[in-house]
Amino acid sequence: MMWLFAVLVVLAMAAVAVVASGRTGALPEEYDDRPDVRVPAGRLAGDDLRRVRFSLAFRGYRMSEVDTLLARLADQLDRGTAAEEEAREERLRGGEEPV
């Protein structure tokens, strides 16, 4: 009786190995069901980065680190945009052509 049980266990393991190796036929086409990260086309602003949310994944990145980096980048973008606007206004006040 013990031999029969051992043979059945070995046969079951062999069946699992055959199925896992894909020899029983092709697996259905894989599709990605995660939502895309929505970032608008064109020039980015700080608010665009603040609205970005990444999907969760097993053994992925720490959300707090990603959020901190995105907040820092958004602040830098806002400061750069504000500086560009000030420079453009200064050029307009000085009578230069806008670029």
Which condition number does Arg62 fail, the rest of (1) surrounded by 10 or more Cβ atoms within 10 Å (Cβ to Cβ); (2) modelled with pLDDT under 85; (3) not acidic (Asp, Glu) being met?
(1)
Identity of the residue in the range 50-99, of a type in the set (Asp, Glu) and in a loop (DSSP other than H, G, I, E, B), that ends up nearest to Val39 (Cα to Cα):
Glu97
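The values are calculated or read from the model by the stated rules, or taken from the named source; none is laboratory data. On a predicted model such as this, the values are computed, not experimentally measured, just so you know. As a convention, Cβ positions derive from the backbone with ideal geometry for all residues, glycine included, and neighbour counts pool all protein chains shown.
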